[in-house]
Amino acid sequence: EIARQYKEIDRMAKAMGSTLSAPFMTLSFMALLVIPTLKLSDKGLFDGSKFEFTEVFFD
């Protein structure tokens, strides 16, 4: 059932113009804090290069 539903939303995303081969897989990876280098999360700004949260403003 889950696989059927996934195929359906994948088909709908492509019907709406997505050119990605797997649009929802791409979205799941974009949620990772380490992609891209700087990422804003609910806990603050995360620096993927240093693998730590960082300040927005520096002194």
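Within the stretch 37-59, residues that are hydroxyl-bearing (Ser, Thr, Tyr) have Cβ atoms under 9 Å from residues that are not in a loop (DSSP other than H, G, I, E, B) in these pairs: Thr37/Asp47; Ser41/Phe53; Ser49/Leu38; Thr54/Leu38; Thr54/Gly44; Thr54/Leu45; Thr54/Phe46; Thr54/Asp47, counting only partners at least 6 apart in sequence or on another chain. Within the stretch 1-35, the set of residues being surrounded by 12 or more Cβ atoms within 10 Å (Cβ to Cβ), under 30 Å from Thr54 (Cβ atoms) and either of a type in the set (Phe, Trp, Tyr) or in contact with a Cys (Cβ under 9 Å, 6 or more places away or on another chain) (or both) comprises Phe24 only. Scanning the stretch 11-37 for residues that are at pLDDT below 90, among the polar types (S, T, N, Q) and assigned to a loop (DSSP other than H, G, I, E, B) gives a single hit, Thr37.
Being part of a loop (DSSP other than H, G, I, E, B), among the hydrophobic types (A, V, I, L, M, F, W, C) and either open to solvent by less than 100 Å² (accessible area, probe 1.4 Å) or touching a strand residue (DSSP E or B) at 6+ places or on another chain (Cβ under 8 Å) (or both), is that true of even one residue in the stretch 44-58?
So in the stretch 44-58, the residues part of a loop (DSSP other than H, G, I, E, B) come out as 48-51, 55-58.
Keeping just the survivors that are among the hydrophobic types (A, V, I, L, M, F, W, C) gives 51, 56-58.
Now narrow it down to the ones that are either open to solvent by less than 100 Å² (accessible area, probe 1.4 Å) or touching a strand residue (DSSP E or B) at 6+ places or on another chain (Cβ under 8 Å) (or both): 56.
Yes.
The values are calculated or read from the model by the stated rules, or taken from the named source; none is laboratory data. Note that the structure is a prediction, hence the values are computed from the model and not measured. Using ideal geometry, Cβ is built from the backbone for each residue, glycine included, and neighbour counts are taken over all protein chains shown. Ligands, DNA and RNA are stripped out before the accessible areas are found, and what is left, the full protein with its side chains, is counted by its heavy atoms. Shrake-Rupley method; radii C 1.70, N 1.55, O 1.52, S 1.80 Å.
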